[in-house]
Structure formats: structure tokens, C-alpha cells
1. Looking at the stretch 20-58, which of the residues that are part of a helix (DSSP H, G or I), open to solvent by 70 Å² or more (accessible area, probe 1.4 Å) and not aromatic (Phe, Trp, Tyr) is modelled with the highest pLDDT?
2. Would you mind finding the one in Gln501, Gln550, Gln512 that is buried (at least 16 other Cβ atoms within 10 Å of the Cβ) and either in contact with a strand residue (DSSP E or B) (Cβ under 7 Å, 6 or more places away or on another chain) or modelled with pLDDT under 75 (or both)?
3. Can you tell me which residue within the stretch 84-140, out of those that are surrounded by fewer than 24 Cβ atoms within 10 Å (Cβ to Cβ), part of a loop (DSSP other than H, G, I, E, B) and small (Gly, Ala, Ser), is farthest from the chain's Cα centre (by Cα)?
4. Test of understanding: among Arg191, Arg159, which residue is open to solvent by 30 Å² or more (accessible area, probe 1.4 Å) and among the basic types (Lys, Arg)?
5. Is it the case that Val436 is modelled with pLDDT of 90 or more and buried (at least 16 other Cβ atoms within 10 Å of the Cβ)?
6. Six or more apart or on different chains, Cβ atoms under 8 Å: show the pairs whose first residue is in the stretch 384-404 and within 12 Å of Gly222 (Cα to Cα) and whose second is charged (D, E, K, R) and open to solvent by 20 Å² or more (accessible area, probe 1.4 Å).
7. Specify which of the listed residues (Trp410, Trp403) is at pLDDT 90 or above, surrounded by fewer than 24 Cβ atoms within 10 Å (Cβ to Cβ) and either touching an Asp or Glu at 6+ places or on another chain (Cβ under 9 Å) or not aliphatic (A, V, I, L, M) (or both).
Amino acid sequence: MAACPAASSSSRSRRERLALAGLLVYLVGLGGTLPVFIVEPDLAWLSLFLLVVPAALALCCVRLPARLSAVLVSLAALAIASCASGVYPRAGWEATLWLTVWLGLLVVGYRTVRSAAQVDEALAVVVPAVALVSLVGALQALGKLPIMPAYMTEHGRTRVLSTLNHPNNLASYLALTLPLVLSAAGVAAVRRRWSLLVGHLVIVLAMLLCGAATYSRGGQLGIAAGLLTLVLCCAAAMRMRRRTAVLAVIVLAVVAGGCLASPLGHRFRLALAGIGHLGDDQRAGTWRAATAMVAERPWLGVGPGAFFVSFARAKAAGNHAELFTHAHNWYLHTAAEGGLPALALLLYLLAGAAQAAWRACRNGTGVTQRLTAAGLCAGTIGYAVAGLLDVSTGVPAVAVTAWLVLGMAWGLTESAQPRTVWGRAPGWAVAALLLVLFATWTVWNRGHQHYQRALAAWCTGAWSHGAAELERARALDPGQRAYLLVRIDLAQLAGRADLAQEMLARLERRGQLTDSPYRVLLAELRARQGDQEGALAVLRHTAEVTDRAQPAVWSELGWSSLESDATAARVAFEHALARHPEQLSATMGLAALAARQQEPAHAVTLLAGAEQIGLARDRLPRLLVGYGRLDPLLVVPIEQRGHFRRSRYSWHGAVLPALTASLYAEWAESSPWR
């Protein structure tokens, strides 16, 4: 007897949802080791392949509403144009590949809702991955699992990150998924599936514990916004009386206020207390830098994936102690990389998803459908609010879930909505772009494997074999800047300082030398040739084109001036300390200057004060080693010096003795500068 077509279709849809749920579990299980662009090659190719296949199939098979098709095609076209005119096209094409994957997964989410017999079945796709993340996070919060890497709050509390690489990523993920799990629990209660209800409530408790222990201001704000939206949407879905809805909102507000007043809310209170000084905050500095990028290139942006490179150029608008790979604001980040049209399209996608879910929440055919729509609407709003303070799409597990949820919300649009007159052509066009970019990225990935072999060969002393592997990598991926920088390092190791300086100068003339260590190297090479003015010019320009008016850059400027111009060195060190009072290298520079000017007591005072800086007790030896300032200042027993191998970045080998003020005093007493 032939199988019923409807039953066959339902079975296929169920298998697709199971496969999608398994993919999400796979991604969150590897979330801490699978951030975008920083992945082990074989694993990265397999993971991306598993994302590309469903994305391409969905783009080719699904007939989308005209509005959604127009947005997807516009985003893809805008990404291509922005990449072609961007400041770093190589990174742009890679970022465009990830963007087309996310667009395909949005279509996967749309299809998941459309093909499900019951709309609430689509939420089951997300729940297993959420359960895994919340379980690991809860165990970390309870001290049963280690937290690596460890991020600390201002009060020394360790922040939970589960498997998602950073507490802010985890909090944004929870802001997105907590309303989904709560609405799934509501559906289970309506259907009287008590065991399923209990399971969902356990997951919710674990998620709340994780969200509190992340101490993420943006994520916790998103969680609060999502819960508030969920209450309002559920009131509409359940046809509650207005009084009941208002009472629920009041209860939620009281609970949120209690959390804010508790130790869990201390980072929020610090932020509120510092509103008047927000201009000095590092996050506000990234906002100013992103705004400067938008002002410079408002229509196409700096290019997908080019925020990190362009941040160094835009840093004059901000002043902080480290580089950032994103703007700490999803919307500013989108506008900076893709221009204002990209921001408008993103906002349209979010607004369309929220609108479709809200309409389904009010006008759905059944209570379960309305509750599901309430969860999707609240999840969208929660994630959108968290995006005001964070950008969490750099981790595939978070990005995949976010775009799936957006697609599911769009899938709640009325079936009578007109389809595009071009049929499946828009989806085919985006799928073709996706496959071409994936094929190109596969070739680049092969080049990265040759690069890894080159590094392995150099570690064993096989220089010629490593050089040959590097050339193979460059042939497959000629736009990769890392390979050119490695050639500069090789020239240095081979004693060809002239060749290294030539390659560095070529990058400098092109405006592509935005890496502070290599700019410092160029300054050092010029100084060795007696071109002191040229060296100082490079370092001064470094403060403009790399990592902000960074204290470390001014510190390097001071060290390079120490021998030739004590006054210029002192000004540079004081300039660094004015920007960052706990700048260790600048403090050490002033101490060296004091010792050189026959002021050993002042040098000892400065160095002893450096030991009192927060992280100095365990990190000062390593930082001093990293700065390469051992020779005049640090007393290393002569029997240990043979165990050190000097490199441009660090000394490797024996553990340094603890630094104490008495050591400095001993050195000062026996200093040849006395």
C-alpha cells in the first residue's frame, strides 16, 4: 500500500528538524573553540560545510515572500559592493561568505515553521542546544566546572561563559532563547504534558542562573526586555484581562529591581553611576570610533570584516587601552562595516520579524500557535535590545540561532502574502553566491593548512621546507596579510634586515601597515641605520593609524628616544601615563630615565610603585619580559641568562625570579650609571 503523501511529508519535516537540532547542539558544544575566523582548518571546513548545505538547499527550494526576497538579495548585493570598495577585501569576502550563510539559515528557519504541522514544533529545534548551554553554564556558576578563559568583574567575581567563548555571547544567547523555552513550557502546560513542562522549567531555572552569573549588562538588559515583551505577548495570546497583564508587568518590574539592587546587579549600578563619565569608558570609545567610520564612509562602510583594521584608523575618536574586533553595538557595527543601507536592512528584518510574530500572537488560530508567536516575538526583541551593548554574531552557535529565530518569526506571516514575481530566482542567486564564496574559501583554507605546515617545519628547524610551504600558502591565498608579515619575520631571522625594511616600507606607503609591532620593527630598523628622525616619525604615525593614541605606542616612542633625547623621552612617557596611569612600560621608562640621570632613589620609588599596580604582582615579570626591558632594569642571575632565548616579543625559558623593591634597590646601588 502506498504511503500517504501527507504522512511522508510530515516524516521528512520531522527528520529535517532533528538534523537541524543536532547541528545546533554540535555548534554550541564546540562554541568555545569555534569562533568565526579563528578555527582549526579541518574542523572549520567541516563545520562550515554542515552550515552551507542546508542554507543552499533552502535558498534553492523555498519560495519566499516578495519583501523577504528583496531584503535578502539587497543584503547580498550590498555586501558585494561594500567588499569591493572596502579597506580589506580579503577579509571582506570571507565575512560575505558568513553573511550569505546566515541569510540561508534565515530561510531554513522560515521553512521550518512553514513545514511544521504545528508551529510550536519549530521551537523544539532550539531546545536541546539551549539545554546543553544552560547545563554547562549552571555547573560553572555552581563551581562544578572550570571556567576558561576566566573573565572577571570589577569586584573580582568570575563570569560564566558556558561553551560560548565569552560571557557577553552567553548572555545575548540567553536573551534570545529564554523566551522561546518559556513559551515552549507554556505550550506544554496547555497540552498537559507535565513531564515536558517540568523539563522546560528546569532549563529555564538554569538559564536564569547563567544569565545572572554572566554579569553582562547588555545581555541582562536583553533578558529583562525579552521577559517583559513575553508577558505582554502572552497577555495578548491568552486573551488576558488588562488588569492581569498590568499586574504581571508590575511583578516582573519588582523582580528586576530586586536583582538590580542585589550583588548580581553591581555592574549595572556601576554603569549608572558612571553615566556622567561615559565618555571615558572603553565601550563608549568603540561607539565613537564606529561613528567615525560611518561618517567617513556612510553608504558602503569600511567593508565586511574590516572593523578591526579600520578601528585602528578611527581610534582618534576614542581613547582606550586595547583594540576591539567589534563596536560593542550590533547596529553601529553593521553601519560601520556595511554603511547606513545595511543598517536600514537589518532594522527592517528585525521589525518585520517582530511585526509578523506580534500579529500571529494576536490573531493566531490556536492558543499554542499564539504562545509560540509570543516566544518568537519576545526572543527577537530581547536579542535586539542586547545588541545595543554587544555584538555576539562572531560565534557561529549564536549567529545561527539568531538568524533561525528571525526566519521562524518571518515564517508566521500570513500565507496569503504575495510571493515574488521572480519565483525562486532570488534564492538561486544568493545560493550561487554562497557556493562560489564557499569554493573560494575552501581554497584559502587549503592555503592556511600549508601555512600551518610551514610553522611546524620552522619549529623543527626545517627552514627551507617551511619557506616552500609558505609560498604554496601565498599562491592559494595571495591576499592574506598574515603570510606577508611572516615573510618579514623570516627576513629578520635570516639576517636580511634590508629586505624586511623594504617590505615594511612598501606596506607603509600603501597605508596597510596597521600592526603596531611591525611598525615598531620598522622604526627600530630605521634607527639602526641612523635615521632617528624617520624612526620617530613612524612611531608618531603609529599612534594615529594603529591601536588608538595607545599608551604603549607613546611608551615605545619614549624608549626609542631614551638614548638620544631625554626630554622627548620624558614627554612621551608622561603622555602615556596621562592616558593610562597604570602603564607599566612607561613607568619603567621613567625609572630608567631617572637612573640614567643619576637619580637612583627616584628610580627605586617608581619601580616599587609599579609593583603595587593591580596585576603587577603576578604579571609584572611577564610584561617586562614582553616589553624587552630586562637588560638595564631587571637583575637576572647570570647562571639563568643562558636559559633565555631572545625574540622580538618575549624571552622563553626559565621562570623569572620575583621582582621586589629590594632587587631594584640592589641594582640601583650597583648600577653603572651611578
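1. Leu57
2. Gln550 is the lone residue from the list that is buried (at least 16 other Cβ atoms within 10 Å of the Cβ) and either in contact with a strand residue (DSSP E or B) (Cβ under 7 Å, 6 or more places away or on another chain) or modelled with pLDDT under 75 (or both).
3. Ala117
4. It is Arg191.
5. Criteria not met by Val436.
6. Leu389/Arg217; Leu389/Arg283
7. After ruling out the rest, the residue left standing is Trp403.
A quick yes/no check of all residues on (1) in contact with a Lys or Arg (Cβ under 8 Å, 6 or more places away or on another chain); (2) farther than 25 Å from His328 by Cα; (3) open to solvent by 20 Å² or more (accessible area, probe 1.4 Å):
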| residue | (1), (2), (3) |
| --- | --- |
| Pro179 | no, no, no |
| Ser183 | no, yes, no |
| Leu205 | no, yes, yes |
| Leu208 | no, no, yes |
| Gln220 | no, no, yes |
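The values are calculated or read from the model by the stated rules, or taken from the named source; none is laboratory data. Quick caveat, the model's predicted, so the values are computed rather than measured. Here the Cβ is made from the backbone with ideal geometry for all residues, glycine too, and neighbour counts use every protein chain on show. Protein only, heavy atoms only, side chains kept; ligands, DNA and RNA dropped before computing areas. Shrake-Rupley method; radii C 1.70, N 1.55, O 1.52, S 1.80 Å.
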